[in-house]
Amino acid sequence: MYRIKKQKLIGMRLLSFITALILVTSFGNMGYAQNKITVRGVVKDQAQQTLLAGVSISTAKPQKTIAATDSKGAFTVLVDAGSELVFTYAGYTPIRKTFLSSVSGVEISISPNNNSMQEVVVQGFKTKTRETSTGSSLVLSGKALQDVPVSNVMELLQGKVAGLNIQNNSGSPGGMGTINIRGLSGSTVSADGFLTPTSPLFVIDGVPVDMNSNFEYGFQGGGAGISPLSLIPPEDIEQMDVLKDAAATSQYGARAAYGVIIVTTKRGKSKVPIVQYSTNVFVKTPPKLRETIGGKEERAFRINSILQYDTSYQHALSLINSTPFLSDSLNPYYNNATNWQDYFFRNTYNQQHNMSIRGGDDKFNYKTNLNYYQENGIIQNTGFKRYSLSMNALYAPSQQFRMTVNLSSSLGQKKNGSGVGLVQTGVASSANSSSLLPPPSLFSDNNSALATANVVNNNKTINISSSWDMQYEPVKGVRFGNLLSYNLVTGSSDRFTPSYLSGGTSEAYSSNDRNYTIYDRTMLSLTKTLNRVHNLSGYVFNEINATSFRPNVIQLSQTASDQITGPIGYSWANTLGGTLNSLNETRQHGYGGSFSYNYDRKYVLDFNFRLDGLSTTGAKQPYSNNPSVSARWNFGKEKWMEKYDWLSYGSLKASWGRNIKPTGNIFDTYGRYNVGLPYNNNPTVSIDYGTIPNEHFLPETQTQSNVGIETGLFGDMVNFTMEGYYRSVDNQVMGIDLSNTSGFSKMNTNAKSIVNYGMEWTTTVRVFKPTNPFKWTVSANGSMNRDILAKLPDGLRQITQTISDGGSNVPIVYRLGRNVFSNLLYYTQGVYANTENVPVNMATGLRQALSTTSGYLSFQAGDPRWTDVNGDYIIDEKDLLPIGNPVPRFVGGFASQMEYKRFQLNMNWSFTLDRDLLNASFAQMMQNFAKPATMSALVPIDKYNYWKPTVPGEKLGGGTVNARYPNPFDFLRAEQLQPYRSNQTLFLEDGSYWKLNNVVLIYNVDRKMLTRLHMTSCKLTLTANNVLTISKYTGPDPEMVTQLGRDNSGGYPNARSYAAGINVQF
Amino acid sequence: MVTMNSSIKNIPGIAMSLLCAGTVLLLSSCQKFLPAERETVGSDSQYTTDVYQPILGRTTNYTNNFYQGSTTYPSTFRVVNPRRRNGQPAPELTDVFPVLVWKTAYTGLEKSVEEIDAKREIQNRPLFEIGEHSGSFTMWAAAKSSFMRAQPDSGYLFDVELSNSGGRRYFRNLKLQPMRERPYEPSNYNASTGQPTSNGVTPSVVSSIKGLTTDRYLSYGDIEVYIRKVIKQGVTPTNSLTFRFLDTLYNPIDPAKFATTDWDNLVHGFNKVMTNESVTYKVAYPIPAVALPTRFTTGDGKRAKVRFSYSRLGFGGATEKATLGLDFAIYEPGDWEIVFAFKSDNPKFVND
């Protein structure tokens, strides 16, 4: 008896190779080769030492599947002696093994496929290996997204993909933050300060889902406030592909201008059915809350500032005496120290469960996934629940025919408290109440606090999506395919505010909306290989897409009672209802083709072309051309590179291409008729003179160039990718005012352009050799991006837009050649320590003054020193300057994955650097000090360096030198002066931050234990999410800001969560 | 295990550095195609006032005379080609002259003339000056009709150049038509000829002053006010202000008879000298020093306010508080006196 020790390296540039010793016992010699032998054994995962069920075992010649491992990973095969067996399992490197005689107790270890070049990427409508893909894209495994329980899976992508900027600027359960690929894509800002969202297009199992078209969701009133992304269970995700450049997204044409994210759910791939159950229980805790001054201290503060800064002592006394909450301190109504924030924020306990059953082989496989997620928001009366059921099946009886069916349905339920979607203004205004007021009750004045907890509201979104993909190959190399998908999202929202909460006027609000998308694509593809090295492929396709959205709302005012909420008895005069004017119906038709050639997988060349017609495009040019061309050179495969064996692979790529995105609506193109009052009992119809039809209206166009290099070094232990891009987004919609002689007041034109350019880096380092039991993978990515405004209508170089966002209300400036939008601000140079420091007009002998509605107010000691840009000694709107860039210059992240035996520790960091935030909520808080007779919250002020007079009460004398903040207490002048106005650079801060997104500790249960419990794998996890944010920003959270970089109060703070989870597989 | 090959040839290095260089080139060339960030010179911007008619001898400041429109600041304004109406050059507009400018803000609380003077200094500046970044205009008090083209001459023409990083633009043929000096207000001089049109002016307040002989309340027409500069040969002029009162026969009335007058705070003057003929203060000119409301000025701060008063028992034993007042301004330094002459009847100071 002898033993053969054999080690085999698979593949040329393979990272991992087999370390296990394969023991083969042989009694005879090669003469026994033709005899049948029996091989028994188990297959296990090399890293986790878990048994793998459903591993296919096939003979090498002829290639034929003969068996698969059972649920315990065991197999028994009867083969000819000397046969080579191939063990294959999806996602793992296949193992080949030759057996000469019967053997039992064979242990086959297979390890996950880490060869990055063999990764399957989805670009265009085809899946390719990464070595033949020419576009810029990145693949993310679903595994990285499944240990942290979140309502919206995109939250976990923060810092994971170079060039993907995710800001979780709302902690609202079931909501969505902002997603931008490669910088800012749009520049349209609504009057209330929301940037029109430019999320990438999501394609979920072949169903395109546009997150932008109905952005009423979660943003502006109405709607259920549930993002369609929140309805995807993260546990079911197999892989996400982030497509960044125009070549990669080209085939998604008509909506792909902002990038594409392809979500692929899990499939069955094991002959033996796998039943997997995972659960997480998690605690959410509110972030650190704002400190406030409470009770007696607050009253003393107020009285003191009145005594010091009123015109006279007598007047001060009379003001105090006529303000009951200051003078009537023994009245129980005013004798309190209420911590308002305590009434809104809470710790919550939450859970999620996921169950999936999947199995099958290449010919037929199936999957069913069942998911439940429940999260109570950290703000009272808010929360989110998700129920989802999805299945897919693949049937391919032969190589020539293949059919895939996906069906998924989900239900989201959300409670918004007194807010809508992302915004919680009710909480913000109540938390800003004076601590002297009594806690919320039926008898207290502060109803918004009570309303937060007691408003009855129920919002629901149901999503049903299905896709059916069929392919047939009658002749080798010629393949017909058709993909049909249907997506229906319907939402409803009910809210009832009883009369005792809203000044005696009850209100019942009810809305429902329906949004469907039908998508069909037919294609014919051809593949041909000539002389074994010339690989040609191409396809032509035709696609149609129809979407429709229709929201209805009814708002009954003053219902019969707080119990009877309709349908009669309400005040008809104050009641509104009907279909909202955001209803739309859009059709899109596209056709085109693609041609791809590669020489021995070394030189790759791709051409794409598509023509897109949109129902919202002007009649003059309904179709737009969208070509793209891209190439790749795998220089690592060149002969002359072979001697550099430290280079596993290396490639260069470049692309150029164009996509469009439908914007505007059919009324911009064709105009609108109004139904008027009846005339002679006949209905009248008249032209709407608001907006003139623009028959030259175009869709938004994105043109992007991309160059990149990809390398793998030292046996794929180091991967490095660098890309540079230049992108212009043209034809952005802008309404321009028309001359009054035209009869119409406005026209929507395609007059704005922005340009983004930047670079992206991704590095992955596997620190130890694959043989080392301690494994450590470190990856880092980063991107640098600049956005430039490149074009404005009418040859203008600058346009100012007023914003009323209920917070800062600072206008924005679009200025050509500058970052896309800037704040219009006064430049604060400090605080006048003395009145003598105020500049004096040489001619008039007067001090510099502020222009107010009631004349000029001279500056004095303790006032902010604003730059007088035009030097006229008057501070007015002419001295406002465009300052600041809210869009970060650098975003990226780090990930560390450590593995030792059964333990695994993952950490994810992300960073957002170089951006300017306007701390408007701090400005508002400081303004409260100048309203001593108004009941609002006061914050501890001692830690701020503000101006104090040297002699208390001396108004024109000297005071603190080099104070950062002006005098907050001079309440008589503050009304005019507004020293703490938010439109000044005093509140413009650096919003850079580093964030430890999450820490995950995983333990894989020992195999012996598993056998006893009849499981195939069991994984225990401990998770902390949103752990730490490091920032110089003085506000509560630099991420909780609007897209315009304004920290307005009223946001929904991000919670920290701690989870314990278990994941078992049978 | 593979190791780093020590004899790496430079081919991949070259490839990579070529790519890097290419990327940098691409990114830097992008800059060229993008518009540069610049200020704007707006086509809708303009001067809202074309004709400037400052009164010589006093500092006049025109602000808010430029409509910004779509022009962005900071911008630079410059007066170009100032010329007389006949096209001749106007050196009096381009040369610099010593002018009195404020260094520190006047508050109205100064305790001496020296303290006020310390807040001012002489600087050499053009007499008609443009605000460099605002486009406002200042005509300094040092501009006199002795060397300026004053009305009824049609004055001067000039152009303004507006420039910033976005370009430049000219606003042509703005008109400067100075008026002759009127050294005090209220004035009895004709605005364009500079010739007096009456002997004096009328007081601002005449209240409850009973005539001695007619026994009626005197009115504005009964009192004439002469504001005049006293120039004595051989005496160096100081800056002073004297108040006198004359009866119908031009005999002096003792100022002390205006018994309830707040003499110490009558004007922002110092070193009061009171005789039985006059009251004199040392003052700083112009009066008021700046257009700032103080205790010595009217509510808008544009005129100094003097009030003389006395109290007497009227018919039936009721107290009558009589007031004589004048709101005035004096722009020229020197020894000035303000004379109140009772023309038709003398005031009655005794009780009824």
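Side notes on the structure shown:
- Bridging of A:Lys363 to aspartates and glutamates at a Cα separation below 17 Å is possible for A:Asp469, A:Glu473, once same-chain residues fewer than 8 apart are set aside.
- Degrees separating the helix A:296-309 axis from the principal Cα axis of chain A, which is the longest one: 50 degrees
- Working note: Karplus 6.51/-1.76/1.60 with θ = phi - 60° gives the range A:234-240 the couplings x, 5, 8, 8, 8, 7, 10 Hz, where Gly and Pro are set to x.
- With contacts taken as Cα pairs under 8 Å at a separation of at least 6 residues, chain B carries a relative contact order of 17 percent.
- Multiplying the residue separation of B:Val80 and B:Asn65 by 0.36 nm and removing their Cα-Cα distance gives an extension gain of 3.7 nm.
- Rel. contact order, % - alpha carbon contacts under 8 angstrom, at least six apart, chain A: 11 percent
- Computed over the alpha-carbon atoms, the range B:46-176 gives an Rg to Rh ratio of 1.01, Rh here being the Kirkwood radius from the mean inverse distance.
- Relative contact order (percent, whole number), the range B:46-176, Cα cutoff 8 Å, 6+ residue spacing: 37 percent
- Of the chymotrypsin sites (Phe, Trp or Tyr not before Pro) found in the range A:647-700, those in coil by DSSP whose Cβ has at most 16 other Cβ atoms within 10 Å are A:Tyr689.
- The range A:559-654 shape via C-alpha gyration tensor axes, a/c threshold 1.5: oblate
- The dipole here belongs to the protein assembly as shown: it is taken about the Cα centre, uses +1 on the Cβ of Lys and Arg and -1 on the Cβ of Asp and Glu, and is about 5420 debye.
- Candidate aspartates and glutamates for bridging to A:Lys271, where Cα separation is under 20 Å - those fewer than 8 sequence places away on the same chain excluded: A:Asp45, A:Asp70, A:Glu107, A:Asp236, A:Glu238, A:Asp361, A:Asp362
- Amide H partners (placed H, <5 Å) of B:Arg120, local residues excluded: B:Lys103
- Fluctuation leader among B:Gly131, B:Gly87, B:Gly211 - chain B, Gaussian network, Cα springs under 10 angstrom: B:Gly87
- Sorted by Cβ density within 10 Å, fewest first, the residues A:Glu723, B:Glu277, A:Glu238: B:Glu277, A:Glu238, A:Glu723
- In terms of its Cα atoms, the protein assembly as shown spans 157, 82, 79 Å along the principal axes, sorted from long to short.
- Which listed pairs, of A:Lys266/A:Lys1008; B:Lys257/B:Lys343; A:Lys602/A:Lys643; A:Lys64/A:Lys269, have C-alpha distances above 26 Å, in listed order: A:Lys266/A:Lys1008
- Two-site FRET efficiency, A:Lys643 against A:Asn347, from Cβ-Cβ distance with R₀ of 56 Å, rounded to 0.05: 0.35
- Distance between modelled label sites at B:Asp50 and A:Ser739, nm, 7 Å Cα→Cβ extension: 2.2 nm
- For A:Lys931, the aspartates and glutamates whose Cα falls under 16 Å of its own Cα, not counting residues fewer than eight places away in the same chain, are A:Glu297, A:Glu298, A:Asp310, A:Asp970, A:Glu975.
- Other protein chain Cβ atoms within 10 Å, averaged over every residue that makes up B:72-78: 4
- Of A:Lys415/A:Lys460; B:Lys144/B:Lys305; A:Lys61/A:Lys528; B:Lys144/B:Lys302; A:Lys620/A:Lys752, pairs whose Cα-Cα distance is over 18 Å: B:Lys144/B:Lys305; A:Lys61/A:Lys528; B:Lys144/B:Lys302; A:Lys620/A:Lys752
- Computed from the Cβ-Cβ distance with R0 of 51 Å, the FRET efficiency linking A:Tyr623 to B:Arg228 stands at 0.05.
- log₁₀ of I(q)/I(0) at q = 0.12, 0.13, 0.14, 0.25 Å⁻¹ - the range A:270-332, Debye sum with one point per alpha carbon: -0.53, -0.58, -0.62, -1.07
- When the Cα positions of A:Ala68, A:Gly593, A:Gln399 are compared along the charge dipole of chain A, A:Ala68 comes out farthest toward the positive end, with charges on each C-beta of Lys, Arg, Asp and Glu.
- Inter-chain neighbour count for A:870-877: the average number of beta-carbon atoms from partner chains within 10 Å of each residue's beta-carbon is 5.
- Folded to 0 to 90 degrees: helix B:11-33 orientation relative to chain B principal axis, Cα: 30 degrees
- Pair A:Thr88, A:Val951: separation of 7 Å Cα→Cβ label points (nm): 9.4 nm
- The range A:452-517 - charge dipole about Cα centre, Lys and Arg +1 at Cβ, Asp and Glu -1, debye rounded to 20: 180 debye
- Largest GNM mean-square fluctuation across B:Thr294, B:Thr275, B:Thr60, computed for chain B with C-alpha springs under 10 Å, falls on B:Thr275.
- Gyration tensor (alpha-carbon) shape descriptor, chain B, a/c threshold 1.5: prolate
- For A:Ser858, nonlocal amide neighbours, meaning residues 5 or more places apart or on other chains whose placed amide H falls under 5 Å from its own, are A:Leu850.
- By the beta-carbon count within 10 Å of each Cβ, the least crowded to most crowded order of A:Phe1066, B:Phe296, fewest first, is A:Phe1066, B:Phe296.
- Taking the number of Cβ atoms within 10 Å of each Cβ as an exposure proxy, the fewest-first ranking of A:Asp45, A:Asp872, A:Asp688 is A:Asp688, A:Asp45, A:Asp872.
Where a number appears in this text, it was derived from the coordinates with a stated rule and is not lab data. All values reported here derive from a predicted model rather than from experimental measurement. Neighbour counts run over all protein chains shown; Cβ positions are idealised from the backbone, glycine included.
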